[in-house]
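Down below is the structure, laid out as structure tokens.
The values are calculated or read from the model by the stated rules, or taken from the named source; none is laboratory data. Everything numeric here is computed off the predicted structure, so don't read it as measured data. As a convention, Cβ positions derive from the backbone with ideal geometry for all residues, glycine included, and neighbour counts pool all protein chains shown.
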Amino acid sequence: MRHWSVQRIAGTIGGALLREQAGGRAAGGPGRTVIDSRAIQPGDLFFGLPGEQVDGGAFAITALEAGAWGVVVQPQWADELLASEFEGAVIASDLPVPALGALARAWRQDLSAFVIAVTGSVGKTSTKDLIAAMLTPHRKVAASRENFNTEIGLPLEVLAAPFGTEVLVLELAMRGPGQIAELAAICEPNVGVITNIGPVHLEQLGSLEGVAAAKAELLDGMKAGSTGVVPSDEPLLEPWLRDDLEIVTFGPGGDVFFEGSSLKGGVVPDAPPTRHVVIAGGDRIELELPFDQEHNMLNALAAVAAARAIGVAPSGAVDVRFSSMRGERVALGIGALVINDCYNANPLSMRAALDDLASQHAEGRRVAVLGDMLELGPAEREHHREIGAYAASAGVDLLVTVGPRATAMLDEFDGESHAVLDAGEAAAMLPDLVGAGDVVLVKASRGVGLEVVVEALQAAG
């Protein structure tokens, strides 16, 4: 935003410009937009956001001392900042979080880039990673990092996109009604991708129909002539498929599908990519994919559809690096393999991960370390019981449940099993249970913190 003046920034966010003198590199506008005063570099614009425990405005002086170009804070911090010895623009805003979104929306418009927004119950991060990987050889791409997908994270990623960006690929997260609509209003997508609809956030949304309505806010917020990319087998989205949108379906029976592919398979570490042919709009697209899991194959189809929607025909090897803790393969020194999929979990993603585990060649046992799935509402026990039954049908030899909810999985699992209260107990137990040739899936909702289990297994060898 080096070419933006302080007056333009204040006007864009509807803030009161209390001091025009910019700090840092004062000759132009700000460089980065930052909400953590500890990360300030000379020339940054600091937003002091109010939090549950601490108001970020309390650190605005620290930001100016570190050379910030300027700060945006609530009015109660203004007098202290203006009286300080540190230079830098000072803008007061009653609502800094919406102000951050307004600034991001204006920057998105200034970029004149295509925006592809991705949401869904499962797989939105991996699909975002795949879209970026397919587009990068053809366009200048900026993509959001891991969990920068909220009303704070998404604007920061938009503002981080450098001038000259041609495609911005963003992930949109949702915890309740209205949130996807808010994010779509900020990023104004040309292409909206919904990966799937599943039983997530049921405590807030009540039903699968509620989930579909919340995710479909992405489609509802898009301008006429935009493209919606949706799964071919999801009737819950049909009420939201507007006639003035270009709708592209992916998956078996859809507009974009694999030629002769069953979407089944496994992953062999360090194996060469597998060749696949995608049929899209009558075109044959040959891809080399470094995975063969069913859920990521479907994500790849969604990514192809999104790329084609902005005029890019992906082909050849797809050099994708998935975000951490999402099916990440970790080889242990004892000759076992860990599938680190503990970033988050719900019934849909649990089944997909167990399918992935079942597809793996295991000289030893298939071990599943499964923790609580959160925010499932009144039916949470039944959802956990069903996952226990699914683990049994997927050929799991040893099931370790983690947390009070996950113990219900054992109601439907007759094989060798252990139940522990928390991730710390699981981390202490697993190194003694896992042996050479085993393949170990580690998965739970983010709040369970099962990454400590993977760390313990790595440390043990």
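Evaluate the stretch 56-69: report whether one residue or more is within 26 Å of the chain's Cα centre (by Cα) and either at pLDDT 95 or above or more than 30 Å from THR195 (Cα to Cα) (or both). Yes; the residues of the stretch 56-69 include at least one that is within 26 Å of the chain's Cα centre (by Cα) and either at pLDDT 95 or above or more than 30 Å from THR195 (Cα to Cα) (or both). Condition check: outside any loop (DSSP other than H, G, I, E, B) and farther than 19 Å from ALA302 by Cα. Does LEU168 satisfy that? It is false that LEU168 is outside any loop (DSSP other than H, G, I, E, B) and farther than 19 Å from ALA302 by Cα. Checked against the criterion of being of a type in the set (Asp, Glu) and either in contact (Cβ under 8 Å) with a residue 60 or more places away in the chain or under 16 Å from GLY251 (Cβ atoms) (or both), the candidates ASP341, ASP283 yield just one match: ASP341.
Just one of the numbered conditions (1) over 26 Å from ALA302 (Cα atoms); (2) free of Cβ contacts under 8 Å to residues at least 60 places away in the same chain is not true of ALA143: (1).
Scanning the stretch 71-120 for residues that are β-branched (Val, Ile, Thr) and within 26 Å of the chain's Cα centre (by Cα), we see that the one that is surrounded by the fewest Cβ atoms within 10 Å (Cβ to Cβ) is VAL97. Annotation: of all residues in the stretch 121-136 being assigned to a loop (DSSP other than H, G, I, E, B) and either of a type in the set (A, V, I, L, M) or at pLDDT 95 or above (or both), the one that is surrounded by the most Cβ atoms within 10 Å (Cβ to Cβ) is VAL122. Any residue that is closer than 22 Å to ALA106 by Cβ, among the hydroxyl-bearing types (Ser, Thr, Tyr) and modelled with pLDDT of 95 or more - is there at least one of those in the stretch 215-233? Yes, that holds for at least one residue. Residues in the stretch 365-374 that are farther than 21 Å from GLU146 by Cα and modelled with pLDDT under 95: 0 in all.
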